[in-house]
Amino acid sequence: MSDVILQMSNITKRFSGVTVLNKVNFNLKKGEVHVLIGENGAGKSTLMKILTGIHQKDEGQILLVNKNGELEETELKNPVMALERGISMVFQEFNLMENMNIAENICIGYEPVKGAVLDRKKMIETAREQMKRVNMEEVSPTAIVETLTTAQKQCVEIAKCLSHDARIIILDEPTSSLSEKEVTTLFSLIRSLKASGVSIVYISHRMEEIFEIGDRITVFRDGEMIDTVSVAKTSENELVKMIIGREFVSDHLSEKVVKHEEVRLEGRHISVGKFGKELDFQVHKGEILGVFGLVGAGRTELARMIFGIDPIGDGILYKDGEPVRIANPRDAIRLGIGMIPEDRKNLGLITKLNVRDNLTLAALKRMSVILKSRAQESSLTEEYIDRLGIATSGQQQIIERLSGGNQQKVVISKWLALDLDVIILDEPTRGVDVGAKAEIYAIMRQLADEGKSIIMISSDLPEVLRVSHRILVMHDGEIKLNRPAGTLDQEQIMHAAIS
Amino acid sequence: MNLSKNKEMIRQGTLVAVLLLEIILFSCFSPNFFTFSNLINVLRQISVTGISAVGMFMIILLGDIDLSVGAVYAFVGVMCAYIFRATQNTIVVFLSAVAIGTCIGVISGFITAKGKIPAFITTLAVTSVCRGTAYILTGGTPIGISNPKFTVFGSGYVFSKVPIPVIIMIVVLAAGFFLIGYTRFGRYVYACGGNGQASRWSGINVDRIRILVFTISGFLCGISGLILAGRLGGGLPGAGDSAEMDVITTVVLGGTSMSGGKGKLWGVILGVFVVGVLNNGLTMMNVSSYWQQVVKGVIILMAVLFDIRASRTA
């Protein structure tokens, strides 16, 4: 194969004795989009960190194409060596100096100089040139990065890669915080990069995208490379099977017809965000209400008002028929309302504390007046580790060391331990692997069966359709659609969300 | 988890080793160091810092800092001297000290929490006000009081052997352990310091926790200030100059993370002893107090470097 530009063979990596990559093989062809897929902790990020020189391999060989077009063994001892060999990575949470402008960011570390003085003119020129390649001509190179949208920041990152003459660009979950439209723009950019001979390694959890943009797919599971397949020759079911190592049963809940009559939570005249419009909503007992909408539709803002994070203004909330005032999360919790935020790391967890401390944090108030009881906390924690199948080495495991799915289960447990009536989940399965996703759905369903009300905010259309009893579609702070899930299909929902 | 626990053990082990090394060295160089009376003396010397360190520990756990400790000592000392002159009553003086300290704590905490002002700024301002007021009230001259009913807090004894400040310190430490380790409040302090946003999302009243912590710290500084005044024999407007640095040193030395959420009271107590013994030993060896400052500065840098290195290897 003459068009292979990178060959990683038998790569093995251990962290303090634990093998995280076991004899992994991976190759990349010129101008292809190669998708890496696998559950969290399957080894894809570790392999990419070896490729970018952040981690060092313990065993194996990396061959990279040289100027004469021949494969040659290379050592990638640090990120600078990787950069110089044309390998760049765009991280999920970016590596940009928010306070500096685009040109300064693109040229960082390689600033052009005239003598000892920065050559600003040259810098802006370089930036402009690279920005053109990522279709950012309309933005000034002197714009401060802070003021850019997420999609624009991503383009700046890609431009930065290109300024290093990148031949290989690794994109880590590039669409996780982009809107539908921005994704389309990103994909056309990826296609034009492909055409210019750049190879893309694309890490993603989203099936639709993989089939849209990918050429080949490599599946990882438990530190091993399972297989590399061509996108044209595989199917979603086959991939899911490879990822989780077992048959994936997809069951649709919407077929089950349940009557939800008792209103649990009701909102009237609620004005969300800066749209200046009012909306009314109802959640019933035992119901899973899916709230769909594109980024910026006002879904999270609505949830934050219900949970008392942001003031609700002139809106009125009724809980079990009674009007209630919720000024802060404490009030919400007292009324039996909990919220699992999308931003797990910053809002959901205290990463310095262990599993038990995090899990019992909200329940502590109910468990004790002043004194806390270690025994009671331990038994509660044990109960939820068991019930939700949290994979942890113990109650005292520091949260940072858990995988995304398990962290999410801890946050969910925190609220379950309080026995609330209404639970709001904001993007509950973002950054969570396939197996844990199914488990989270099962928990939500079980809670609904117990008579609790679930509000699930999600941008994942199949997920909304699969899990919800009823679906609300929001757009610009308004409810555009409010119907039982069984009566809707993807097209109708998407139509409501964009118009 | 094992890693971080080991790290904690190594850290505490290092502190114990340093403490032992100090004791051995000073015993060799100064014959009067390892005597019963001097060791009791060490305990008495560390009591002022030790008591305040419990409050500072909680403040630093929150990710805040309190720079007003020394100025509060001076203000409390001066006020108590006046109050004692007027009342000649030990109990009234004690209650006043505690009340004044607590009030200052409430004010600092309230402004910091509700005004969303960094504690660094709030307490810097409080420092200026307290120190300034102490000088205005006294006109710059010490209010000397030699009446043992006042000095008892600094130099009194129980059973003619154990100094009263040491007893107070032991009580405060015990209460600190209880509060931090066994109450809901203690857990909330770690939680708020670890991630204030997530704590709020978990239904914790973060502002109230912050105000409470500053209140407790102010309360303890009131006690420390009175002990210091007792030892100095009156209210001195210049008392406790840069005392906060001693307190911060011990807390940081004890392994409390300046970014909040991480630390153990055991470590802080070890830190108090390491610094206290060092001060005492250097004094016994006739090393000037200027040099002592230099040594303390070097130690605090080493402790922080150790902390950063340790967290990197984790």
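Annotations
- In the condition set (1) within 14 Å of another protein chain (Cβ to nearest Cβ); (2) modelled with pLDDT under 90; (3) under 19 Å from the mean Cα position of the chain (by Cα), residue B:212 is compliant with all but (2).
- With respect to the conditions (1) open to solvent by 30 Å² or more (accessible area, probe 1.4 Å); (2) within 8 Å of chain B (Cβ to nearest Cβ), residue A:391 lacks only one, and its number is (2).
- Of the helices (runs of 4 or more DSSP H) entirely within the range B:69-173, none holds at least 1 residues that are in contact with a Gly (Cβ under 9 Å, 6 or more places away or on another chain), of a type in the set (D, E, K, R) and surrounded by fewer than 20 Cβ atoms within 10 Å (Cβ to Cβ).
- Subset of the range A:323-350 that is in a loop (DSSP other than H, G, I, E, B) and within 7 Å of chain B (Cβ to nearest Cβ) - its residue that is nearest to residue A:457 (Cα to Cα): A:341
- Condition met for residue A:304 (part of a helix (DSSP H, G or I), farther than 25 Å from residue A:464 by Cα and either at pLDDT below 90 or within 13 Å of chain B (Cβ to nearest Cβ) (or both)): no
- Unmet criterion (only one of (1) of a type in the set (A, V, I, L, M); (2) under 18 Å from residue A:458 (Cα atoms); (3) surrounded by 18 or more Cβ atoms within 10 Å (Cβ to Cβ)) for residue A:295: (3)
- Residue among A:464, A:473 that alone is crowded, with 17+ Cβ neighbours inside 10 Å, on the phi < 0 side of the Ramachandran plot and at pLDDT below 90: A:464
- Among the residues of the range A:86-106, those identified as closer than 18 Å to residue A:140 by Cβ, in a loop (DSSP other than H, G, I, E, B) and touching a strand residue (DSSP E or B) at 6+ places or on another chain (Cβ under 9 Å) are A:98, A:99, A:100.
- Flag if residue A:369 is modelled with pLDDT under 90, facing chain B (nearest Cβ under 9 Å) and open to solvent by 40 Å² or more (accessible area, probe 1.4 Å): yes
- Within the range B:144-165, one or more residues are of a type in the set (A, V, I, L, M), over 17 Å from residue B:229 (Cβ atoms) and either within 14 Å of chain A (Cβ to nearest Cβ) or touching a residue at least 40 places away in the same chain (Cβ under 8 Å) (or both).
- Number of the condition not met by residue A:377 [criteria: (1) in a helix (DSSP H, G or I); (2) facing another protein chain (nearest Cβ under 8 Å); (3) open to solvent by less than 10 Å² (accessible area, probe 1.4 Å)]: (2)
- Residue within the range A:284-299 that is more than 13 Å from every other protein chain (Cβ to nearest Cβ), touching a residue at least 60 places away in the same chain (Cβ under 8 Å) and in a helix (DSSP H, G or I) present: yes
- Among the candidates B:230, B:222, B:240, residue that is surrounded by 23 or more Cβ atoms within 10 Å (Cβ to Cβ) and part of a loop (DSSP other than H, G, I, E, B): B:240
- Qualifying positions in the range A:55-82 - outside any loop (DSSP other than H, G, I, E, B) and out of contact with any helix residue (DSSP H, G or I) (no Cβ under 9 Å at 6 or more places or on another chain): A:59, A:61, A:63, A:64, A:65, A:71, A:72, A:73, A:79, A:80, A:81
- For the range A:98-113, the set of residues classified as loosely packed, with under 14 Cβ neighbours inside 10 Å and either hydroxyl-bearing (Ser, Thr, Tyr) or at pLDDT 90 or above (or both) consists of A:110 only.
- Count of the range A:121-162 residues, restricted to those that are open to solvent by 50 Å² or more (accessible area, probe 1.4 Å) and under 22 Å from residue A:80 (Cβ atoms), is 1.
- When we screen B:202, B:160, B:155 for residues that are on the phi > 0 side of the Ramachandran plot and of a type in the set (S, T, N, Q), the only hit is B:160.
The values are calculated or read from the model by the stated rules, or taken from the named source; none is laboratory data. Computed from a prediction, not measured in an experiment: that's the story for all the values here. Neighbour counts are summed over all protein chains in view; Cβ atoms, including those assigned to glycine, are modelled from backbone coordinates with ideal geometry. Only protein heavy atoms, including side chains, enter the accessible area calculation; ligands, DNA and RNA are left aside. Shrake-Rupley method; radii C 1.70, N 1.55, O 1.52, S 1.80 Å.
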